[in-house]
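*Asks:* The structure that follows is given in the form of structure tokens.
What follows draws every value from the coordinates through simple rules; no lab data is involved. From a predicted model like this one, the values you see are computed outputs, not experimental measurements. Glycine also receives a Cβ, built like all others from the backbone with ideal geometry; neighbour counts cover every protein chain displayed.
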Ligand SMILES: *Cc1c(COP(=O)(O)O)cnc(C)c1O
């Protein structure tokens, strides 16, 4: 192998001779053998699977536009049309007025990045007195807002949420100052699946002449249908006056292929602040709507295909199934002594916690039983996100969970082993800089090959 592998056995250096296609594919299959078992419903985020038939359609649609590039909408009128139609369907679903506008992006992070950039540029254009822009958001808002703020030179001001884990309206009002450029609320927030009081936040924002972004990355393509089924869903979309933009991910409950989200604005004038233009390049005039340069046509075609194939009836049916499964999980978890569901989740995203057993030990035990676990802090909890892949798994999960909880009760010493030890240690490091250092070293190690 010579110098073409790293010390840990990973390849380094392009092979001298190309392998046969079958060999390459076989190697790829083999690499996935130890991965999280999403096909068996063993993961609760990362993969949103609406069935094999739907996945096959996404792949075919992706393949049809596999090579096309949405960087230049003039070259590929097909992609331009698909993107406009996807955005149109999203605007309609979320109650935008006729002048609403938006873009497709590669994911929630890019959608959020574009929103923060838009509000920064809006402030630059309309409020020159703002010299150090700030974004006011609840502590439960997705880290993508902090990342975006960091990238575009905005200060993110996180306000602790109230006891019910929803945004604290008074606290957010108090955090507004002359540098504030926008407010943020989530529908729902990822950690506990609760919807922030969007109507009240939007009222606070509007009263101060500020825009308000609603992060519906996970809820945008599910909540409207959950409401239509009769579940209580507080108003969160453009029907709320004062909501000026919404992010909603197609590659979550829109059941599209990965690399697809929407960023939507109440009017076209606002979207103009999202545009980037560079007119002095020898290579020609450059203007782009979002962050990426080359944009995969496949992701756009698959998103279009998903919405067209699902239809409103398909989304309603899927939402009903997901909510039925969610109810079974919630009831089962609340019945296990020592466990409780955190807050009042609005849809199929939620967390459970415990005051009696160490949940990081429970998580390690669940992983030993083959369930990939998402661990959370403050409060210590395990995060679940229900999709159609979990419909038949509730009983097995609950039985394993009851066992894992019993184990954690009987073995308090397990808190100093496995990932429980690491989480326990990190939770007690008083110095945030040390935690950051630990995590960046960890990541550096992960990507060492
Ligand atoms: C998933 C998610 C995001 C980030 O989206 P990505 O597609 O992972 O970049 C942002 N906000 C919420 C509420 C999410 O659930």
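*Asks:* Tell me, what is a quarter of the convex hull surface for the C-alpha atoms of segment 335-449, in nm² with one decimal?
*Replies:* Its average projected convex-hull area is 8.8 nm².
*Asks:* Assuming 0.36 nm per residue, please report the length gained on full extension of the stretch residue 279 to residue 170 beyond their Cα-Cα distance.
*Replies:* 34.8 nm
*Asks:* With a point put 7 Å past each Cα toward its Cβ, work out how far residue 287 is from residue 320 in nm, to one decimal.
*Replies:* So the two model labels end up 4.7 nm from each other.
*Asks:* What FRET efficiency do you get for residue 92 and residue 431 if R0 is 56 Å and r is their Cβ-Cβ distance, rounded to the nearest 0.05?
*Replies:* Efficiency for this residue pair is about 0.70.
*Asks:* Hey, another quick one. So for each of 125-134, 154-163, 24-33 I average, over its residues, the number of other beta carbons within 10 Å; can you give me the resulting order with the highest mean first?
*Replies:* Ranked by mean Cβ neighbours within 10 Å, highest first: 154-163, 125-134, 24-33.
*Asks:* Among 367, 356, rank each residue by its count of other Cβ atoms within 10 Å, from fewest to most, as a rough exposure measure.
*Replies:* With the fewest neighbours first, 367, 356 line up as 356, 367.
*Asks:* Here's a follow-up. With a point put 7 Å past each Cα toward its Cβ, work out how far residue 369 is from residue 419 in nm, to one decimal.
*Replies:* Between residue 369 and residue 419, the label points sit 1.6 nm apart.
*Asks:* Which value, in nm² and rounded to one decimal, describes the direction-averaged projected area of the C-alpha convex hull of segment 383-447?
*Replies:* The number I arrive at for segment 383-447 is 6.7 nm².
*Asks:* Quick one: give the max-minus-min coordinate of the C-alpha atoms of segment 358-412 along each principal axis, largest first, in Å.
*Replies:* The principal-axis extents, from largest down, are 35, 24, 14 Å.
*Asks:* From the convex hull of the Cα coordinates of segment 236-330, what is the mean projected area in square nanometres?
*Replies:* Average of the hull's projected areas for segment 236-330 equals 8.8 nm².
*Asks:* Given a 10 angstrom Cα cut-off, can you work out which residue in 213, 428, 142 is the most mobile in a GNM of the chain?
*Replies:* Maximum among the listed residues: 428.
*Asks:* What do the square roots of 5 times the Cα gyration tensor eigenvalues come to for the chain, in whole Å, largest first, as semi-axes of the equivalent ellipsoid?
*Replies:* 34, 30, 24
*Asks:* Which of 17, 321 comes first, and how do the rest follow, when ranked by fewest Cβ neighbours within 10 Å?
*Replies:* The most exposed by this proxy come first: 17, 321.
*Asks:* Just subtract the alpha-carbon distance of residue 25 and residue 377 from 0.36 nm times their residue separation and send over the number in nm, one decimal.
*Replies:* The residue 25-residue 377 span can extend by a further 122.8 nm.
*Asks:* Can you tell me the Rg and the Dmax, both Å, for the Cα atoms in segment 57-197?
*Replies:* Cα radius of gyration and Dmax of segment 57-197 are 18.0, 52 Å respectively.
*Asks:* Let me ask something else. Given only helices, namely DSSP H runs of n ≥ 4 each adding -39500 (n - 2.57), what is the per-residue ellipticity at 222 nm of the chain, to the nearest 500 deg cm²/dmol?
*Replies:* -13500 deg cm²/dmol
*Asks:* Take every Cα-Cα distance within segment 43-91, group them into 5 Å bins from 0 onward, and report for each bin the whole-number percent of pairs it holds.
*Replies:* It works out to 5, 17, 16, 21, 22, 13, 5, 1, 0, in whole percents.
*Asks:* Once label points are set 7 Å from the Cα along Cα→Cβ at both residue 17 and residue 59, what is their separation, rounded to one decimal in nm?
*Replies:* Modelled inter-label distance: 3.0 nm.
*Asks:* Let me ask something else. Quick one: plug the Kirkwood hydrodynamic radius of segment 182-243 (C-alpha pairs) into Stokes-Einstein at 4 °C, 1.567 mPa s, and report D in µm²/s.
*Replies:* Rounded to a whole number, D works out at 111 µm²/s.
*Asks:* Something else now. Would you mind computing the Rg to Rh ratio of segment 288-395 from its alpha-carbon coordinates, Kirkwood style for Rh?
*Replies:* Reported Rg/Rh (Cα atoms, Kirkwood Rh): 1.10.
*Asks:* Is segment 79-145 rounded, prolate or oblate when judged by the Cα gyration tensor, a ≥ b ≥ c being the square roots of its eigenvalues, rounded requiring a/c under 1.5 and prolate requiring a/b larger than b/c?
*Replies:* prolate
*Asks:* So in the chain, what percent of DSSP beta bridges are antiparallel if you round to the nearest 5?
*Replies:* The antiparallel proportion sits near 65 percent.
*Asks:* Shifting gears a bit: Principal axes first, then extents: for the Cα atoms of segment 8-72, list largest minus smallest coordinate on each axis, whole Å, largest first.
*Replies:* The Cα atoms of segment 8-72 stretch 40, 38, 23 Å along the principal axes, largest first.
*Asks:* Using only the alpha carbon atoms of segment 142-188, find the Kirkwood hydrodynamic radius as the inverse mean reciprocal pair distance, in angstroms to one decimal.
*Replies:* Across segment 142-188, the inverse of the average 1/r is 11.7 Å.
*Asks:* Hey, with R₀ at 22 Å, roughly what FRET efficiency would residue 438 and residue 157 work out to, going by the Cβ-Cβ distance, to 0.05?
*Replies:* 0.30
*Asks:* Determine the gain in length on full extension of the stretch residue 340-residue 313; use 0.36 nm per residue of separation and subtract their C-alpha separation, reporting nm with one decimal.
*Replies:* My answer for the length gained is 6.4 nm.
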